[in-house]
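Step one of this worksheet: look at the structure below.
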Amino acid sequence: MLIHTLLFIFLAFQPSHAQIQNQTTNFPWTPSENRTLISNNSVFTAGFLESPTTANQFIFSVYYTNTTNITTIWTVNADSPVNKSASLSITTSGELRLNNIQFPGPPTASGTDTRILQISDDGSLTYGNWSSFNFPTNTIVPHQNIKGTNLSVRNGMFRFDGKRLVFNGSYDPEGAYYENSNAFLALNEIGMVQLENGASFITSDYGDRKLRRLTLDDTGNLRIYSLDRSSGEWNVVWQAVPELCRIKGTCGPNFVCMYGESYDTTICDCPPGFRRVSGENPTSGDECRRKVDFSNDVSKGSKFLQLDYVNYSGGPGQGSQRFIEVLNFTGCESGCLNDPECQGFGYKFDGQRYCVLVRDLYYGLWSPATEATFFLRVDKSETDETTFTGLTSVLETTCPVEVSLPLPPDESNSTTRNIAIISTLFAAELISGVAFFWVFLKKYVKYRDMARTFGLEFLPAGGPKRFSYAELKAATNDFSSTNVVGRGGFGDVYKGVLTDHRIVAVKCLKNVTGGDNEFWAEVTIIARMHHLNLVHLWGFCAEKGQRILVYEYVPNGSLDKFLFRSGKVNYSDEHEDVEGSKFLDRKPMLDWGIRYRIALGVARAIAYLHEECLEWVLHCDIKPENILLGADFCPKISDFGLSKLRKKEDMVSYSRMRGTRGYMAPEWVKSDQITPKADVYSFGMVLLEIVTGVRNFDIQGSKMESEEWYFPRWAFDKVYKEMNIEDILDKQIKRSYDSRLHEDMITRMVKTAIWCLQDRPEVRPSMGKVAKMLEGTVEIIEPKKPTIFFLGDE
């Protein structure tokens with residue numbers, strides 16, 4: 001009896017055999033056994049998993065052991081799940097099989113001693129001389145060879161061959177949308193990818209030793225993920241294509257791809273003249289078809305609908321797109337009308353005679369970076385109107401009204417009498433109205449807040465909505481601290497969801513007293529602003545002593561989160577010396593093209609505030625924290641709480657300094673008059689930070705005394721004295737700098753920044769000219785060396 005008791009206790013405290021073994025010779029193996037293989041380091045597990053798409057069906061996979069969501073790195077039957085009665089077994093010839101599904105290779109062992117299925121510490125599944133690492137599915141783990149392998153998803157629709165990302169659609173086989181000049185070789189645990197010819201690139205959290213994986217996602221994007229052990233969640237630390245709409249096949253033919261509420265979601269929409277129908281679309285199962293086929297018959301004809309910010313890149317064939325030389329827009333339009341297969345044309349209104357005729361409406365994309373306007377060809381009888389409109393149509397606010405007056409009647413003797421009667425009645429009504437209004441104000445003077453709010457009811461139609469305090473309290477979960485998305489000098493900003501499911505940013509102003517001048521100024525200014533690169537004001541609240549503004553929610557947050565690293569990394573030439581790399585924010589890195597678009601968008605928005613508004617608007621606090629990024633990384637300037645409204649012919653002087661140290665123009669300190677050139681200076685500082693990826697007050701390895709350190713002067717010396725522009729580039733993406741592709745663009749950005757940072761305001765260009773300098777439409781001469789006004793030059 002004692003022996004049985006001791007044996008029972010011994011067995012009770014033994015771990016399950018299925019949970020400790022890293023190899024097995026026990027076959028067949030069925031899904032109902034709940035058996036797994038776990039690597040000795042407990043990182044990887046091999047076994048049957050239930051299919052995420054089909055109930056009671058199973059997939060044999062290798063996956064990470066402890067993550068919030070099961071993350072597979074290799075599967076044998078992802079597209080052909082099996083039922084519970086299936087088995088993993090060894091044939092008489094020694095081949096490993098899952099029912100009738102053959103493993104890639106296939107794995108075969110000659111003798112019984114080698115018929116061992118084993119999971120290794122690096123995540124490879126081995127059987128005899130066969131290894132799963134030689135036949136990856138959609139994921140590569142650290143130290144796994146990448147060169148010569150292929151990753152694919154969705155039955156091979158998207159594929160990565162080590163250098164290129166390729167879309168294999170029925171209408172565009174082998175359509176590449178990403179290509180690296182050097183093939184990928186291997187990924188390591190600290191976030192470096194080795195490339196051919198000794199080159200490499202690093203992730204945004206380079207230096208942290210953690211679990212990582214290189215995965216081709218179902219969206220067709222190639223990404224590197226790292227595991228946050230505290231939460232068990234995977235964070236994106238590098239991606240090949242920052243904008244999903246630029247991945248071929250995201251939307252089918254004729255569709256226009258747009259971005260959702262975050263940079264990781266897309267929406268496929270039909271253009272005007274088309275309708276969505278059920279079909280065999282490779283992505284969503286739907287097709288986008290014309291409502292009415294246009295006719296080439298001259299008597300019936302066709303017309304064009306203008307689609308702003310839309311571009312169709314055409315199909316794979318050489319005749320899908322055709323560039324023609326034209327003198328003007330009419331010539332481009334005629335070229336499309338004369339081509340029976342032309343579906344539309346793209347035209348740039350920049351005087352460069354750019355005209356492209358498109359025969360296949362493939363890879364439609366909406367993006368503010370689109371320089372050409374697309375004109376879609378539809379039948380003349382088509383009644384749809386364009387839904388893709390730009391800033392021009394928004395600003396067209398003047399409505400022509402035709403007024404016709406009847407002929408005056410013949411003179412009569414009663415004219416004088418009628419005039420006297422009408423004048424008497426008008427005077428009586430006017431006196432009565434004034435008396436009534438005076439009584440109303442005197443009786444209800446205690447309701448002063450209502451009287452103040454009364455003026456806002458006369459905002460034009462389409463202006464900001466007035467919200468109740470209860471609505472905003474419910475939308476932000478009683479202004480919960482967990483919903484805080486920003487803090488500033490004028491109050492906190494909360495993320496909220498309205499009853500109509502719109503996501504908003506709710507800004508609660510503080511220290512608003514007296515006549516609430518700051519509140520009214522901000523509401524009236526922003527209500528008049530309509531620009532793609534300005535945050536839109538949706539509404540306001542003014543009750544119970546609260547002063548609240550409701551803005552559109554910009555999902556990607558502020559620019560500083562993408563530019564500035566939270567920790568410090570010391571880089572040696574081989575990128576091996578890493579100290580203290582602790583990154584709190586896992587934002588994807590911005591490539592040079594996106595940084596240029598952000599700079600250009602911000603410049604255009606400030607130029608709009610300075611030069612295109614009916615009033616003269618100064619922002620006075622241009623900095624990365626006040627530049628928000630939309631889902632497609634379209635920049636939007638926020639926080640007009642420091643702006644002032646004046647007539648254009650007036651000069652402005654403030655009684656107190658405004659702005660943020662490091663971004664304020666010298667005239668603030670010298671108590672000079674403040675003009676729009678103060679914003680130009682601030683923008684120049686931000687532009688240099690976009691190029692360098694560091695704060696303007698971080699000393700960059702200079703021997704100069706800290707009190708004499710000046711960020712623009714350091715950049716000027718590197719570019720114009722040492723003639724080495726690469727020394728100032730952001731180290732995060734420095735290795736992606738290609739002098740053939742990027743030198744002209746980055747040189748324009750640096751030269752423009754130096755011009756903006758001149759000490760004397762009259763030397764700085766206007767923001768309108770700054771935008772043209774960035775666009776490359778005006779010549780930029782070499783600027784003078786920026787100086788600190790109280791130190792002078794050397």
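The values are calculated or read from the model by the stated rules, or taken from the named source; none is laboratory data. This one's a predicted model, so the numbers in the text were calculated from it and none came from an experiment. Heads up, the Cβs are rebuilt from the backbone with ideal geometry, glycines too, and the neighbour counts pull from every protein chain shown.
Numbers for the structure displayed
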| item | result |
| --- | --- |
| Some residue of the range 439-452 being loosely packed, with under 10 Cβ neighbours inside 10 Å, modelled with pLDDT under 85 and among the acidic types (Asp, Glu) | no |
| Pairs where the first residue, in the range 435-447, is part of a helix (DSSP H, G or I) and the second is modelled with pLDDT under 55, C-beta under 9 Å, 6+ apart | Leu441/Ala451 |
| Members of the range 466-485 found to be touching a helix residue (DSSP H, G or I) at 6+ places or on another chain (Cβ under 8 Å) and either over 15 Å from Glu543 (Cβ atoms) or modelled with pLDDT of 90 or more (or both), listed by number | Thr476, Asn477, Phe479 |
| Candidate set from the range 198-234 (those that are in a loop (DSSP other than H, G, I, E, B) and under 26 Å from Ala176 (Cα atoms)); member that is farthest from the chain's Cα centre (by Cα) | Ala199 |
| Single residue of the range 318-341 satisfying the filter (part of a helix (DSSP H, G or I) and of a type in the set (A, V, I, L, M, F, W, C)) that is farthest from the chain's Cα centre (by Cα) | Leu337 |
| Boolean, Ile146 is in the same structural domain as Ile90 (by TED's automatic domain parsing) and either of a type outside the set (D, E, K, R) or over 30 Å from Trp29 (Cβ atoms) (or both) | no |
| All positions within the range 700-721 that are exposed (fewer than 11 other Cβ atoms within 10 Å of the Cβ) and at pLDDT 85 or above | Lys721 |
| Residue within the range 110-123 that is modelled with pLDDT under 95 and under 29 Å from Asp360 (Cβ atoms) present | no |
| Output for the range 210-227, where each listed residue is touching a Lys or Arg at 6+ places or on another chain (Cβ under 7 Å) and under 10 Å from Ile140 (Cα atoms) | Thr215, Ile224 |
| Positions within the range 136-148 being among the polar types (S, T, N, Q) and crowded, with 17+ Cβ neighbours inside 10 Å, in sequence order | Thr137, Asn138, Thr139, Gln144 |
| Test: residue in the range 196-203 that is surrounded by fewer than 17 Cβ atoms within 10 Å (Cβ to Cβ), closer than 23 Å to Ser320 by Cα and modelled with pLDDT under 90 | no |
| Selection status of Leu757, within 27 Å of Pro242 (Cβ to Cβ) and hydrophobic (A, V, I, L, M, F, W, C) | no |
| Test: residue in the range 280-288 that is in contact with a Phe, Trp or Tyr (Cβ under 8 Å, 6 or more places away or on another chain), modelled with pLDDT of 85 or more, in the same structural domain as Gly331 (by TED's automatic domain parsing) and crowded, with 19+ Cβ neighbours inside 10 Å | yes |
| Any hit, the range 612-626, residues being assigned to a helix (DSSP H, G or I) and touching a Gly at 6+ places or on another chain (Cβ under 7 Å) | no |
| Any hit, the range 773-783, residues being surrounded by fewer than 16 Cβ atoms within 10 Å (Cβ to Cβ), modelled with pLDDT of 90 or more and of a type in the set (A, V, I, L, M, F, W, C) | yes |
| Of residues in the range 89-109 being in a strand (DSSP E or B) and of a type outside the set (A, V, I, L, M, F, W, C), the one nearest to Thr137 (Cα to Cα) | Gln102 |
| Criterion: over 20 Å from Asn626 (Cα atoms), assigned by TED's automatic domain parsing to the domain that holds Leu590 and under 32 Å from the mean Cα position of the chain (by Cα) - qualifying residue of Trp709, Trp755 | Trp755 |
| Residues of the range 20-61 that turn out to be in contact (Cβ under 8 Å) with a residue 60 or more places away in the chain and more than 24 Å from Phe133 (Cβ to Cβ), as a count | 1 |
| Subset of the range 352-403 that is among the acidic types (Asp, Glu) and part of a loop (DSSP other than H, G, I, E, B) - its residue that is modelled with the lowest pLDDT | Glu396 |
| Residues of the range 103-119 satisfying the condition of being surrounded by fewer than 19 Cβ atoms within 10 Å (Cβ to Cβ) and in contact with a helix residue (DSSP H, G or I) (Cβ under 9 Å, 6 or more places away or on another chain) | Pro104, Gly105 |
| Count - residues of the range 723-759 that are in a loop (DSSP other than H, G, I, E, B), free of Cβ contacts under 8 Å to residues at least 40 places away in the same chain and more than 16 Å from Pro783 (Cβ to Cβ) | 3 |
| Options Val578, Val554, Val512: the member that is in a loop (DSSP other than H, G, I, E, B), touching an Asp or Glu at 6+ places or on another chain (Cβ under 7 Å) and either at pLDDT 90 or above or not small (Gly, Ala, Ser) (or both) | Val512 |
